[in-house]
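Data first, discussion second: the structure below is written as structure tokens.
Readers should treat all values here as calculations from the given coordinates under stated rules, not as data from a laboratory. Keep in mind it's a predicted model, so treat the numbers as computed, not measured. Cβ: placed from backbone, ideal geometry, glycine included. Neighbour counts: every protein chain shown.
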Amino acid sequence: MTNSLPTESELQEAWIELQEIHETYLLPYEVKIPHVDQYYETARSIWLAVLFYYKEEQVHKDVISDVCQRDKPGLARDQQVRHLKREGWHLSGKGGYHSLDPFQPSPEWVTERNRRSGRLGAADFTQLKKFYGNACATCGAKEGRPDPRYGQDIVALQHGHMDPAKPANDKDNIIPQCQFCNRAYRSDYVFDDKGRVYAVADVGPVRRASRQVQKKIYEWLMSVFG
């Protein structure tokens, strides 16, 4: 790989070609791509254009950051290119280097997609529970068995709502949770489909937090909303 950066016209050609490849090879797997015509419209489209321009060569993240700052002023210096994996792109490399295989999604993405398809394919709550091994998605407690955490009480799986703000009867918003997790988390949190908490849904957790944590939250909110 040369030290000079690819030109804007070279990257635009790479972006157009990558879009065509994505439509043929990656769209069936729902790999995410920015919906823009010009490669420089988003940080991610710049990342992808640069990686594709160099084909399967190892590209250091600083090279991608240099292009970002040249072609879209105002972007941060440290571009988190590795996050493309979360959107299905097949990246490899280490130590700040990345290479792109544009013809197949990442293995982790395929595995997760198949798992999610199986979850959404459940016709009713009984099948959904079976998909989760008849266990609580959050703590893993098995339905019909004693839960030693709560005095040998028998576990009963209930409809847990991943996001309390979404409709309760939306199948995509349901995970099986034992009565203990369902009661303990109430409507305070948002869960992913693995039963893990990834966001707060109400102010309750903030009210119960220490003053130190509340201050951190306050400072962050002030930085966002002024």
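Quick notes on this one:
- Tilt relative to the chain, helix 43-53 - C-alpha long axis, 0 to 90 degrees, to 10: 50 degrees
- For the chain, the longest principal axis of the alpha carbon atoms and the long axis of helix 61-71 meet at an angle near 70°.
- Relative contact order (%) - criterion: Cα under 8 Å, at least six apart; region: region 8-108: 31 percent
- Between residue 224 and residue 5, full extension at 0.36 nm per residue minus the direct alpha carbon distance yields a gain of 75.4 nm.
- Bridgeable aspartates and glutamates around residue 55 (alpha carbons under 12 Å apart, same-chain partners fewer than 8 residues away excluded): 17, 101.
- Ranked list, fewest to most other Cβ atoms within 10 Å of each Cβ, for 131, 52: 131, 52
- Whole-angstrom gap from region 154-219 to region 71-136, using each part's C-alpha centre: 23 Å
- Shape summary of the chain, radius of gyration then Dmax from alpha carbon positions: 22.5, 68 Å.
- Computed log10 I(q)/I(0) for region 122-207 at 0.13, 0.18, 0.25, 0.26 Å⁻¹: -0.39, -0.73, -1.23, -1.29, from the Debye equation with unit scatterers placed on every C-alpha and solvent omitted.
- Rounded tilt (10° steps) of 107-120 against the dominant C-alpha axis of the chain: 40 degrees
- Candidate cross-link partners of residue 166 among the lysines, defined by an alpha-carbon separation under 23 Å and a same-chain spacing of 8 or more, comprise 129, 194.
- Rounded to the nearest 20, the Cβ-based charge dipole of region 121-189 about its Cα centre (Lys and Arg +1, Asp and Glu -1) stands at 160 debye.
- Using 0.36 nm per residue and subtracting the Cα-Cα separation, the extra length available between residue 145 and residue 197 on full extension is 16.3 nm.
- Descending by average beta-carbon neighbour count within 10 Å, the peptides 44-51, 179-186 line up as 44-51, 179-186, the highest first.
- Using R0 = 35 Å, the C-beta based FRET efficiency linking residue 66 and residue 212 works out to 0.35.
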